[in-house]
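Here's the structure, in structure tokens; my notes come after.
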Amino acid sequence: MAAAYAAADLVVSRAGASSISELQNLGKPCILVPSPNVAEDHQTKNALALADRGAAVMVTDADAPHELVDTIFSLIGNKEKLATMKGNISEMALTDSDDKIVEEIVRIVKEKQQ
């Protein structure tokens, strides 16, 4: 995937948390197609969190068959929009999330020991 991401000017992806985290850390403009087959429609919420900040474009799974290709071509042809999306998604990245997770675990463990 590293080579594919490196070569991509635009990524089309589902909207799971891990995928979004990777896209944010790589600063990749993306079209998110949330899976409708997940608990509590959380992928739509994930996709909207980015789309509402201009960091991604969301296409619903139901709309993808007739909208996705046109959306891809309209974005690929708009370098300014891609640059804006790249900046916006990069700003959302949590590059030190592993440290934050460890800090939270340590805090919880210390709290339980008291």
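What fraction of the Cα pairs in the chain, stated in percent, has a spacing above 19 angstrom?
Details: 3248 of 6441 pairs.
Distances greater than 19 Å cover 50 percent of the Cα pairs.
Using a 7 Å offset from the Cα along the Cα-to-Cβ direction at both HIS66 and HIS42, what is the distance between the two label points in nm, to one decimal?
3.2 nm
Most mobile of ASP52, ASP96, ASP41 per a Gaussian network model of the chain (Cα springs, under 10 Å)?
The residue with the greatest mean-square fluctuation here is ASP96.
Give the long-range amide H neighbours of VAL12: residues separated by 5 or more places, or on another chain, with amide H under 5 Å away, using H modelled in the peptide plane at 1.01 Å from N.
ILE31
Can you give me the C-alpha center-to-center distance between segment 2-43 and segment 48-114, rounded to a whole angstrom?
Spelled out, the Cα-based centre of one part sits 7 Å from the other.
Output the relative contact order of the chain, whole-number percent, from Cα pairs under 8 angstrom with separation of 6+ residues.
Reported as a whole number, the value is 27 percent.
Excluding SER90 itself, calculate the net charge of residues whose Cβ lies under 14 Å from the Cβ of SER90, where each Lys or Arg counts +1 and each Asp or Glu counts -1.
Overall, the nearby charge balance is +1.
Top mean-square fluctuation among VAL11, VAL102, VAL38, Gaussian network model of the chain, C-alpha springs under 10 Å?
VAL102
State the percentage of accessible surface on the chain attributable to carbon and sulfur atoms; use a 1.4 Å probe and exclude ligands, DNA and RNA.
55 percent
Can you give the accessible area of MET92 in Å² (nearest 10), computed on protein heavy atoms with a 1.4 Å probe?
That residue has around 50 Å² of solvent-accessible surface.
I want to verify a result. In a Gaussian network model of the chain, Cα cutoff 10 Å, which of these has the top mean-square fluctuation: LYS45, LYS79, LYS100?
LYS100
Roughly how many Å² is the accessible area per residue of the chain, as a whole number, for a 1.4 Å probe?
On the way: 7270 Å² over 114 residues.
Result: 64 Å² per residue.
The values are calculated or read from the model by the stated rules, or taken from the named source; none is laboratory data. Note that this is a predicted model, so its numbers are computed, not measured. All Cβ positions, even for glycine, are placed from backbone atoms using ideal geometry, and neighbour counts span all protein chains on display. Side chains are part of the model used for accessible areas, which takes the heavy atoms of the whole protein and leaves out ligands, DNA and RNA. Shrake-Rupley method; radii C 1.70, N 1.55, O 1.52, S 1.80 Å.
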